[in-house]
Amino acid sequence: MEQKMKSGFIAVIGRPNVGKSTLINTLIGQKIAIMSDKPQTTRNRILCILTQPDAQIVFLDTPGIHKPKHKLGEYMVKAAEGTLREVDAIFFVVDATEKMGPGEHYILERLQATKRPVILVVNKLDLIDREQALPIISNYTSKYEFAGVVPISAKEEMNLDSLLTEAKKYLPEGPQYYPEDMVTDQPERLIVAELIREKALQLTRDEIPHAIAVDVDEMTTRPNDDVYIRATIYVERDSQKGIVIGAKGAMLKEIGALARTDIQNLLGSKVFLDLWVKVKKDWRDRDGILRNFGFGDER
Ligand SMILES: Nc1nc2c(ncn2[C@@H]2O[C@H](COP(=O)(O)OP(=O)(O)OP(=O)(O)O)[C@@H](O)[C@H]2O)c(=O)[nH]1
Ligand SMILES: [Mg+2]
């Protein structure tokens with residue numbers, strides 16, 4: 001008998017910094033969701049689409065779940081939780097190098113209410129010995145009834161086939177939701193802004209990351225297919241502006257050079273990137289400004 005096509009949605013959730021975005025980028029083979037070693041890198045729900053001969057899986061990357069401290073934090077947690085009610089299955093990603101703590105308990109409580117199959121994804125297996133994974137896994141499975149458990153390394157691409165096989169068990173039969181060449185619902189402009197934010201996150205020190213927002217002000221394709229992009233990096237204080245610009249503009253130059261490489265890969269064209277830095281005081285705690293940056297109520 002002919003194999004039927006399966007299709008459905010999988011939400012990828014977990015605490016900040018466990019590797020959710022890395023996993024999704026690796027699975028779809030393209031860099032859509034930005035990644036960094038700073039917690040709370042992902043701020044918005046991002047849809048990434050994997051199309052295979054037997055299935056189309058739509059992954060929802062979500063902001064790391066944590067107890068919110070300010071309005072942006074509240075929004076991020078809401079976005080993650082809202083996602084869970086609409087999906088066919090959930091990947092709960094945990095970091096194999098970290099003990100289960102209050103953060104994981106907080107998430108498990110919320111998962112219980114979703115009544116969706118949850119697959120425990122134990123990530124960063126490359127950083128530990130295999131034997132060390134067993135007690136971590138049994139600690140989780142003693143506290144929650146998972147539909148499946150798959151240890152992986154998103155970075156080293158270990159065991160990802162098993163993860164996909166497990167995921168497909170929970171997808172209903174059905175047609176593709178999206179064209180097979182579509183990999184995300186994010187507009188190009190937004191991915192460009194995110195790639196710039198990623199470099200700023202990766203290159204600046206701890207105090208800066210959460211103070212940064214990026215807006216693409218202009219993106220124009222020239223007759224010869226080169227793309228001109230003008231973007232602004234917003235920070236909250238003058239001192240942060242100084243750090244992002246750096247001595248003689250060195251930091252801004254580096255952010256621009258790294259971002260340009262990624263943007264060229266994304267667009268497949270030569271890119272001219274014109275970066276500006278501006279101060280917008282306390283943008284995180286002001287609803288109106290959050291909406292301007294695309295963090296408004298979704299539903
Ligand atoms: N060694 C190792 N590092 C990993 C692995 N997966 C992710 N990382 C690293 O973990 C850090 C966080 O990765 P992200 O993908 O940004 O994590 P996230 O869960 O999306 O984080 P938030 O968006 O902040 O919630 C990055 O420095 C990654 O390179 C892995 O399998 N092994
Ligand atoms: Mg992320």
Leading residue by the ranking (nearest to ligand 1 (Cβ to nearest atom)) among those in the stretch 150-201 that are touching a helix residue (DSSP H, G or I) at 6+ places or on another chain (Cβ under 8 Å), among the acidic types (Asp, Glu) and more than 28 Å from LYS270 (Cα to Cα):
GLU156
I need the full set of residues from the stretch 203-218 which are surrounded by 15 or more Cβ atoms within 10 Å (Cβ to Cβ) and among the charged types (D, E, K, R), in order please.
ASP215
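Going residue by residue through the stretch 127-140, is there one that turns out to be out of contact with any helix residue (DSSP H, G or I) (no Cβ under 7 Å at 6 or more places or on another chain), part of a helix (DSSP H, G or I), hydrophobic (A, V, I, L, M, F, W, C) and crowded, with 16+ Cβ neighbours inside 10 Å?
yes
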What are the pairs with Cβ atoms under 7 angstrom where one residue, in the stretch 193-207, is touching a residue at least 12 places away in the same chain (Cβ under 8 Å) and the other, located anywhere, is polar (S, T, N, Q) and buried (at least 21 other Cβ atoms within 10 Å of the Cβ)? Sequence gap at least six, or different chains.
LEU201/THR41
Looking across the stretch 219-248 at residues that are in contact (Cβ under 8 Å) with a residue 40 or more places away in the chain and farther than 17 Å from GLU194 by Cβ, the single one that is surrounded by the most Cβ atoms within 10 Å (Cβ to Cβ) is GLU236
Among the residues of the stretch 1-42, what is the count of those that are near ligand 1 (Cβ under 8 Å from one of its atoms) and of a type outside the set (Val, Ile, Thr)?
16
For the stretch 8-53, name all the residues that are within 11 Å of ligand 2 (Cβ to nearest atom), farther than 20 Å from ALA259 by Cα and polar (S, T, N, Q).
ASN17
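Read the figures in this text as sums done on the coordinates, not as results from a lab. Keep in mind the model is a prediction, meaning the values are calculated, not measured. No Cβ is skipped: glycine too gets one built from the backbone with ideal geometry, and neighbour counts run over all protein chains shown.
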